[in-house]
Amino acid sequence: QVQLVESGGGLVQPGGSLRLSCAASGIMFSIYTMNWYRQGPGKQRELVAAITSHGGTSYADFVKGRFTISRDNGKSMVYLQMNNLQSEDTAVYYCYVGQFGADSWGQGTQVTVSS
């Protein structure tokens, strides 16, 4: 059974930084593309960043240059380093895997950007 557990969210001032973590279990982690999504208040869930099994990365335009996705296959972890956070980044951030029969979401971690 696939399990994804996010952590690292919190309250941060505009311009601040946070690092989100997602611990995966129940899958052969190293072969999967891992994804971060977010859902802001009253908004649809949207893709933030993805990282392939080989470390290739892609980002939504609204986070390019500010967020960095990375992974540690030895620890089955995926990270999202978020810098220069703005109020519009306020959302619940989710880890997601959707390949090779897997289709699993984490419970989410709240990020609030406010002064």
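The values are calculated or read from the model by the stated rules, or taken from the named source; none is laboratory data. Just so it is clear, the structure is predicted and the values come from calculations on it, not from any experiment. For neighbour counting, all protein chains shown are included, and Cβ atoms are generated from backbone atoms with ideal geometry for every residue, glycine included. We work out accessible area using only protein heavy atoms, side chains counted, and drop any ligands, DNA or RNA first. Shrake-Rupley method; radii C 1.70, N 1.55, O 1.52, S 1.80 Å.
Filter the range 8-37 for residues that are assigned to a strand (DSSP E or B) and open to solvent by 60 Å² or more (accessible area, probe 1.4 Å); which is nearest to residue 94 (Cα to Cα)?
19
Give the residues of the range 29-73 that are basic (Lys, Arg) and under 10 Å from the mean Cα position of the chain (by Cα), sorted by residue number.
The one that is basic (Lys, Arg) and under 10 Å from the mean Cα position of the chain (by Cα): 38.
Looking at (1) among the small types (Gly, Ala, Ser); (2) free of Cβ contacts under 8 Å to residues at least 12 places away in the same chain; (3) within 25 Å of residue 15 (Cβ to Cβ), can you tell me which one residue 70 breaks?
(2)
Being in contact (Cβ under 8 Å) with a residue 40 or more places away in the chain and open to solvent by 50 Å² or more (accessible area, probe 1.4 Å), is that true of even one residue in the range 45-63?
Yes, because at least one residue in the range 45-63 is in contact (Cβ under 8 Å) with a residue 40 or more places away in the chain and open to solvent by 50 Å² or more (accessible area, probe 1.4 Å).
Would you mind telling me which numbered condition in (1) part of a helix (DSSP H, G or I); (2) touching a residue at least 60 places away in the same chain (Cβ under 8 Å) residue 4 fails?
For residue 4, the exception is condition (1).
Can you name the number of the only condition in (1) open to solvent by less than 60 Å² (accessible area, probe 1.4 Å); (2) of a type in the set (Val, Ile, Thr); (3) out of contact with any Gly (no Cβ under 6 Å at 6 or more places or on another chain) that residue 68 fails?
Failed condition: (1).
If only one of 103, 89 is within 17 Å of residue 114 (Cα to Cα) and either over 12 Å from the mean Cα position of the chain (by Cα) or surrounded by 14 or more Cβ atoms within 10 Å (Cβ to Cβ) (or both), which one is it?
None of the other options fit; the residue is 89.
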